[in-house]
1. Out of all the residues in the range 338-347, which are surrounded by 17 or more Cβ atoms within 10 Å (Cβ to Cβ) and closer than 29 Å to residue 131 by Cα?
2. With in the same structural domain as residue 381 (by TED's automatic domain parsing) and under 19 Å from the mean Cα position of the chain (by Cα) as the only criterion, which of 420, 450 stands out?
3. In the range 260-278, is there at least one residue being assigned by TED's automatic domain parsing to the domain that holds residue 242, within 16 Å of the ligand (Cβ to nearest atom), in contact (Cβ under 8 Å) with a residue 60 or more places away in the chain and in contact with a strand residue (DSSP E or B) (Cβ under 6 Å, 6 or more places away or on another chain)?
4. Please name all residue pairs, on different chains or six or more residues apart, with Cβ atoms under 7 Å, provided the first residue is in the range 373-388 and is assigned by TED's automatic domain parsing to the domain that holds residue 449 and the second residue is surrounded by fewer than 18 Cβ atoms within 10 Å (Cβ to Cβ) and at pLDDT below 95.
5. Kindly indicate the residue of the range 279-305 that is in a loop (DSSP other than H, G, I, E, B) and within 16 Å of the ligand (Cβ to nearest atom) and also surrounded by the most Cβ atoms within 10 Å (Cβ to Cβ) among those meeting that condition.
6. Give, as residue ranges, the helices (runs of 4 or more DSSP H) completely inside the range 36-146 that count at least 3 residues that are over 29 Å from the mean Cα position of the chain (by Cα) and outside the structural domain of residue 20 (by TED's automatic domain parsing).
7. Filter the range 194-214 for residues that are surrounded by 19 or more Cβ atoms within 10 Å (Cβ to Cβ) and outside any strand (DSSP E or B); which is nearest to the ligand (Cβ to nearest atom)?
8. Identify, from the list 400, 430, 405, the residue that is at pLDDT below 95, under 17 Å from the mean Cα position of the chain (by Cα) and under 25 Å from residue 122 (Cα atoms).
Ligand SMILES: Cc1ncc(COP(=O)(O)O)c(C=O)c1O
């Protein structure tokens, strides 16, 4: 197949192939019913790993553009008929190099019966009535000064509540003035990139790692360098000396799971100090911890003002709040506030005060205790199910969060496994879909979205698909 893919473009190779295929489908160059080449042969033509192509196929299958027919091949799906959008000569184009298109997000697809998608908290645990009351109270006439503009740092009440929450819960010593309230992690990363990254700067990211961070830094012109991870988290020795910024998830490496070991934390801070590197600590889901004592954050260990700490309410509450925060060294504070003002002015004050009350009045604490119980039970079921039913998988030890990863003891095409599982109503994610060049083969199981009682049946179904599960019926004559 003649597929023009710009593999030198910024961003990862899977995304480049994904975008090229999507473009071919949308433009009609690939028509409904056309058969795609097997991932192995397209990979050979493009000189990339087979997983890279398979993951791009898997994404397009998940979005309904392609259809995987078991034992046959992959076809352009019916739904994918291109919209008749005639392109006028001279139509506006993004600037050269802007290759970014929306990545698939979980809300776009129907939840499957067995839902192990990653990064989705259980919205049914969120106290919507309380939330509605709190927001409604802040929207009463006179509650605020809606005719004026507000400070880009966020409402002082919320900054105070977050500073106390972080000092008590995470050992992050922050004054209210150190906290900048953001629209989630994503905006925090955007502000950091605006202030720190120049085109061509090297940004080190974990591989496998968080695609939304990778793509964001690349969109500012950074040269994003994937750095391997192992059972102790980011391999600090492999971070290039010339890095300007290192993005890491030390509490719960995303997506493989282990915490960054204490020795690596110290090595990273020492490296950052020696080479004047900024370290972005993404502490996205450490509220859900399944061991006694958490490790100290990089921020708490940092003596030289190198760490920007980023947190979110997307996992501890729900992503739809679009609420997060960053705590930056004082040397960056004004620049970040300026960036926030230029980006979108400031956040919504009524919701910020509602959230401040939710945090300060103990409602967040109550919610977290309840959610932790539910997630702990599901996590146990996932770990138990993998151990009993899926001997070809070995769980990567971790201590926190809303998902676990497991590696195939003998590497297989994990993207194909995930695609087949999805056809059978099981959403589970291929570890390789998060990788740039790391040769990983495994599955990632989220347990935020699934009902507790669906966990074991889902794993049993997956095990049957992979040929290791319990028989549907006990064999005749034996009990
Ligand atoms: C590694 C990581 N960081 C942060 C987030 C949360 O992002 P946001 O706060 O923008 O919703 C996620 C969500 O999946 C994540 O996986």
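The values are calculated or read from the model by the stated rules, or taken from the named source; none is laboratory data. All of these numbers come straight from a predicted model, not from anything done at the bench. Virtual Cβ from ideal backbone geometry, glycine too; neighbours counted across all protein chains shown.
1. If the condition is that a residue be surrounded by 17 or more Cβ atoms within 10 Å (Cβ to Cβ) and closer than 29 Å to residue 131 by Cα, then 340, 346, 347 are the ones that fit.
2. Result: 450 is the single residue among 420, 450 that is in the same structural domain as residue 381 (by TED's automatic domain parsing) and under 19 Å from the mean Cα position of the chain (by Cα).
3. No, because not a single residue in the range 260-278 is assigned by TED's automatic domain parsing to the domain that holds residue 242, within 16 Å of the ligand (Cβ to nearest atom), in contact (Cβ under 8 Å) with a residue 60 or more places away in the chain and in contact with a strand residue (DSSP E or B) (Cβ under 6 Å, 6 or more places away or on another chain).
4. Short answer, once both residue conditions are applied: 376/290; 379/290.
5. The residue in question is 287.
6. Filter on the range 36-146 gives 128-138.
7. 210
8. So the residue among 400, 430, 405 that is at pLDDT below 95, under 17 Å from the mean Cα position of the chain (by Cα) and under 25 Å from residue 122 (Cα atoms) is 400.
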